[in-house]
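Where a number appears in this text, it was derived from the coordinates with a stated rule and is not lab data. Note that the structure is predicted; figures quoted are calculated from it, not measured. All Cβ positions, even for glycine, are placed from backbone atoms using ideal geometry, and neighbour counts span all protein chains on display.
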Amino acid sequence: MKKKLCRLCNHPLEVMVADLGMSPLSNAYIRPENLQSKENFYPLHVYICENCYLMQLEEFESPDQIFNEQYAYFSSYSNTWLKHSEDYANMMINKFGINKNSKVIELASNDGYLLQFFAKKDIPVLGIEPSANVADIAMSKGIPTLVEFFGKETAKRISKIGNKADLIAANNVLAHVPDLNDFVAGIKIILKSQGVVTIEFPHLLNLMKYNQFDTIYHEHFSYFSLYAVKKNVENHGLKVFDVEELPTHGGSLRIYLCHDNDSSKPVTSNVNNLLDKEDQAGLRDLKTYIQFHENIKETKRRLLEFLIQAKREGKKVIGYGAPAKGNTLLNYCGIRSDFIDFTVDTIPYKQGLYLPGTHIPIKSPDVIQNEKPDYIIILPWNFKDEILQKISFAKDWGCRFFIPIPGLQEVFI
Ligand code: DWN
C-alpha cells in the first residue's frame, strides 16, 4: 500500500485520529433517476501529522471530480453568510484603503457572494472559481470570473497580464486544496508588494472542542490550526501579521498575510496569543486527538438513542438543511429515512434530490406547514439562529427543534 505522507510537510502520516467508516462524497446529491445506481463510498479516515500537526484526509477523489459543473454549494443562500461577507468587504476597504485604483482577487469566488460588495463600489475585482455552475451565476452578476483551479500555473499566467492583487481573499477554500504548497506559492506570485491576503478557515481548535466531526468530509482535505497554516505560508515567503477569531462555520480564523519583507505591516500580539491558546488546548499533543474519537462515538450513540425512542413513540422527525456536513453525520450514524422522513433546503438545486448514501429526500421548506413534524433536526447547526427564525411557525403545533453537534440538544426560539 502507498506510504502516506503529510500533504504539507511530507512527514510519514501514521496517526489515525478517527475512523468515520466509508462515506460518499458529501456534495454528491442524487437525482431520482439514479437512486438505483452504484454509489462510490470512500474511507473517511482522519490523520494527524506528528511533525506539523496538520489534520488531514487522504485524497480519494481529485478536486476536478468534486468541484465540477454539478457542484451543489451556493454561498448566497444564507443571509448570515452574506452579511458576514458584506461586513468583510467594508472592513477591508476601510482598513487597507482599497479603492477604485485597487484590484481584489477572490480564490474560490463561488457565485459572487463576496466580490459583489467590492464591485458595487466600482472596485476592480476578479473571481477564480473552478465550478462552472456557480461561476456562471457570478458572471451573470457582472463579476469577471476565471473558471479554473488556482495554483502556481494560474498565478503566473494572470500576473503576466497585470492581474496582481492589492487584496486577495481566500475564504473557506484552503481546506479544499490538496496541494497546499502549490496554492500558497500562487498567492505569493499574484500579491502586489504591499498587498494583503486574508484567509478564513474553520479553526481546528473549535472542531476538537465542540466535536464538529461532521465538518470532516472528502472535499475538506485538511483541517487547520494557526500553527500549521503559519508553517505553510512562511515556507513561501509570506508572513502572518494578524489573526482574528470569527463565529462563522462553528468558529473560524481569519489570518492576515503579506510578503515577509513588507515592513509596513508589523506582526501583532494576536498571533502569538492565538498560538498559545492552541497549545493550551493541546493541539500539539497527540492525546488530545485520541479523546476526539471517543467523543465522536458518544455523539453517535446519543443521536441514535434519541431517534430510536422518538420513532418508538411514533414521532414524525424531519431534517432542516441538506448541508455537506449533514451527510458525514447521517452516513456515519447510519441514519436513513427510517429515522428521518425527509429534509428540506432553500437551495432550489438541491430540492427534489436525495442525500448521498442515505437517500433521504430533500424537499422545499414549504412542505413543513402541511407535514407538521413533531421534531426538526437542524443539520447546518452553524446557521441555527437564522433557521430557527424561519421555522418558528412550527411551534404552533408543538414542534420541537434540535441540533446534533456538539451533541444532540434541544434548541429554543
Ligand atoms: O466548506 C464548505 C462550507 C463552508 O460550506 C463547503 N465545502 C460546502 C459547504 O458546507 P455545508 O454544505 O456543510 O455548508 P453550510 O453553509 O452549513 O450548508 C447550509 C445548507 O443549509 C445549505 O444547503 C443551505 C441550507 N440552508 C437552508 O436551507 N436554509 C441554509 C440556511 C441558512 C437556511 O436558512
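Key figures
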item	result
Estimated distance in nm for a label pair at Lys265 and Phe60, the labels positioned 7 Å out from Cα along Cα-to-Cβ	3.8 nm
Cα gyration tensor shape for the range 153-196, rounded if a/c is under 1.5, else prolate or oblate	oblate
Helix-only [θ]222 nm of the chain, DSSP H runs n ≥ 4, -39500 (n - 2.57) each, per residue, nearest 500	-9500 deg cm²/dmol
Partnerless cysteines, meaning none of the other Cys C-beta atoms lie under 4.7 Å away, in the chain	Cys258, Cys333, Cys399
Cα-centre dipole for the chain with unit charges at Cβ (Lys and Arg positive, Asp and Glu negative), debye to 20	240 debye
Sorted by Cβ neighbour density within 10 Å, fewest at the top, the residues Lys103, Lys277	Lys277, Lys103
Estimated dipole of the range 287-411 in Debye, rounded to 20 [Cβ of Lys and Arg +1, of Asp and Glu -1, Cα centre]	280 debye
Cα gyration tensor shape for the range 116-252, rounded if a/c is under 1.5, else prolate or oblate	prolate
Qualifying GluC sites (Glu not before Pro) for the range 26-84 [loop in DSSP, other Cβ within 10 Å: at most 12]	Glu69
In Å, descending, principal axis extents of the Cα set of the chain	66, 47, 40
